[in-house]
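Engineer: Below is one structure. I have some questions about it.
The values are calculated or read from the model by the stated rules, or taken from the named source; none is laboratory data. These figures come from a predicted structure and were not determined experimentally. Ideal geometry is used to build each Cβ from the backbone, glycine not excepted, and the neighbour counts take in all protein chains shown. What goes into the accessible areas is simple: the full protein's heavy atoms, side chains included, and nothing from ligands, DNA or RNA. Shrake-Rupley method; radii C 1.70, N 1.55, O 1.52, S 1.80 Å.
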Amino acid sequence: MSSKKSFIQQYWREKKMVGAISPSSPFLTEKMLEDIDFNNNNIFVEIGPGTGVFTKHLIKKMNINCKLLVFELNTAFYKELISQINDERVIIINDSAEKLENYLSQYQLKKVDVIISSLPLSNFPQRITLKLLRIFQLNLREAGKFIQFQYSLKQKKEIEHVFSKVSISFTALNIPPAFVYSCDK
C-alpha cells in the first residue's frame, strides 16, 4: 500500500492521533531538518513519524555512529515503518513518547541531541501537551534541540512556556501549510 493511501486511511480512522490528511512535503522535510548539525549530534529521537517521511531523510543524513529512536503509537504506521526500515542505527518503538526516558535507559543512551516531533499537539488537552513538552525538554542534553511542526500558532504559548529559546519559520509548500518551531534547551 502506498504511503499516501495508508496515511489517508489512518487519518479517517484516527483523527486525534493523525493530524493531517497527507504526509509531509519535501519542503516541510527540508525546513524541519535545516537547523540540525548532523556532524556533531549522535542521538536523535523522532516522535510521531507516520509513514516515515522525516525518518528516511534523517537516516540518509545521520553518520555511522548515530542512534535514532522512533516513537510511533499508531500500530498501522508502526508496522509500515518496521517493514520499510532496516537500519541497525534505528530503533522503532510502538509506544508513547511519554516513556522516552525509559527507552533511553533501556538502550543505554544518555540525553538526546535532537528531538523531531510531528505530534498534532493541537489535538491534545493542554495538560498532555505540556507534559510531553516537559518530557522532551528534560531528556535533551544541554544545548539540545527540539523541532516541532504545527499547522497553526495555537501551541506557541505552551512551547514557549517550556523552551526559553524558540524560533518559528513557515512553509506554505505543504498541505496544509505549516509552522516549524525550532527550540533550544
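Engineer: Just give me the residues in region 34-90 being closer than 15 Å to Gln148 by Cα, in contact (Cβ under 8 Å) with a residue 60 or more places away in the chain and not in a loop (DSSP other than H, G, I, E, B), in sequence order.
Structural biologist: Hits for region 34-90 are Phe44, Val45, Glu46, Ile47, Phe54.
Engineer: Still on this structure, please answer the following. Checking Lys16 against (1) part of a loop (DSSP other than H, G, I, E, B); (2) open to solvent by 70 Å² or more (accessible area, probe 1.4 Å); (3) modelled with pLDDT under 90; (4) farther than 22 Å from Thr129 by Cα: exactly one of these is not met. Which one?
Structural biologist: It is condition (4) that Lys16 fails.
Engineer: Then there's this: Among the residues of region 136-174, which ones are within 16 Å of Phe44 (Cα to Cα), out of contact with any strand residue (DSSP E or B) (no Cβ under 7 Å at 6 or more places or on another chain) and open to solvent by less than 30 Å² (accessible area, probe 1.4 Å)?
Structural biologist: none
Engineer: Need the failing condition index for Asp95 against (1) farther than 24 Å from Asp184 by Cα; (2) at pLDDT below 95; (3) open to solvent by 10 Å² or more (accessible area, probe 1.4 Å), just the number.
Structural biologist: Only one criterion is unmet by Asp95, namely (2).
Engineer: Do we have any residue at all in region 78-86 that's open to solvent by less than 70 Å² (accessible area, probe 1.4 Å), out of contact with any strand residue (DSSP E or B) (no Cβ under 8 Å at 6 or more places or on another chain) and under 23 Å from Ile168 (Cα atoms)?
Structural biologist: Looking through region 78-86, none of the residues is open to solvent by less than 70 Å² (accessible area, probe 1.4 Å), out of contact with any strand residue (DSSP E or B) (no Cβ under 8 Å at 6 or more places or on another chain) and under 23 Å from Ile168 (Cα atoms).
Engineer: Going through region 100-111 one residue at a time, which ones are out of contact with any helix residue (DSSP H, G or I) (no Cβ under 9 Å at 6 or more places or on another chain) and open to solvent by 30 Å² or more (accessible area, probe 1.4 Å)? If you could, list the steps in order and put the result at the bottom.
Structural biologist: Just the residues of region 100-111 that are out of contact with any helix residue (DSSP H, G or I) (no Cβ under 9 Å at 6 or more places or on another chain), to begin with: 102-108.
Residues satisfying the conditions are Asn102, Tyr103, Ser105, Gln106, Tyr107, Gln108.
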